[in-house]
Amino acid sequence: MDVLHERCAGLDVSKKDAKACVRVPSTKRRGSFTTETTTWGSTTKAVWLCGITCLPLR
């Protein structure tokens, strides 16, 4: 299978929460990937804190 994109991200927003998943090439082993998934609550405070702590992808 050919790799079309080395880096990708997904976002799922529902009424109760929001989830973000990022997949990037691993720095430790060639040909492997690192995946990180984060979940935030849907309250106003949780969304506001997310805006402060989220960093743009490289």
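Data overview
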read-out: Condition met for Thr43 (open to solvent by less than 90 Å² (accessible area, probe 1.4 Å) and at pLDDT 85 or above); value: no
read-out: Residue that is nearest to Ser42 (Cα to Cα), among those in the stretch 1-27 that are open to solvent by less than 90 Å² (accessible area, probe 1.4 Å) and part of a loop (DSSP other than H, G, I, E, B); value: Ser14
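The values are calculated or read from the model by the stated rules, or taken from the named source; none is laboratory data. Quick caveat: nothing in here was measured; it's all calculated off a predicted structure. Side chains are part of the model used for accessible areas, which takes the heavy atoms of the whole protein and leaves out ligands, DNA and RNA. Shrake-Rupley method; radii C 1.70, N 1.55, O 1.52, S 1.80 Å.
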